[in-house]
1. Condition check: at pLDDT 80 or above and out of contact with any Gly (no Cβ under 6 Å at 6 or more places or on another chain). Does residue 87 satisfy that?
2. Can you tell me which residue within segment 90-123, out of those that are surrounded by 10 or more Cβ atoms within 10 Å (Cβ to Cβ) and under 30 Å from residue 35 (Cα atoms), is nearest to the chain's Cα centre (by Cα)?
Amino acid sequence: MKMINRICCFLVLICYYSGVSAQFYENQRCRCVCPSPASVFNKTQSKMTDRKLYSAYVPPSKCNCGGVILPHVSDEIRDNAQVFCPRCDCKYESRNTTIIMVVVIMVLWVLMLLSAYLIFLMILDPLLTQKQRKVYIDIKNADEAQSFLINGEEPED
């Protein structure tokens, strides 16, 4: 029985670790935007605005067509790299995922606080409106209204 418990704990830990490790992201990347290979080599009648995004985690010195795009494309494109690569726009991007994560957590926290406040007001509203209910008196002429104001009497229904 102890062996089964240990195996179950081990499997749970492995599943937890794989889920946590999949959530880490790189802070730097090389992002290349290129036209579709079909539009460059005139194989089909495709739109000239079709673009393809290539992204890789490489050092800044390898942020070019040869370091990012050519290792992931077919041999036909590699053979015609001198035609394909000049049309690609590669940029090295750096971002801080910690700041992004903190901002997202703050936004979620504010939304939770506002939701709790809304629920509180929805519960409190019926309690407050019960105390403030007064009977509306329909007075037809000005003489009745003046007599009620002077005497301070409550009108009869």
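1. Numbers: at pLDDT 80 or above: yes; out of contact with any Gly (no Cβ under 6 Å at 6 or more places or on another chain): yes.
Considered against the rule, which asks whether it is at pLDDT 80 or above and out of contact with any Gly (no Cβ under 6 Å at 6 or more places or on another chain), residue 87 comes out as yes.
2. Among those residues, the one meeting the criterion is 97.
The values are calculated or read from the model by the stated rules, or taken from the named source; none is laboratory data. Treat the numbers as computed from the prediction; the structure is a model and nothing was measured. Quick reminder, even Gly has a Cβ in these numbers, built from the backbone with ideal geometry, and neighbours come from all protein chains shown.
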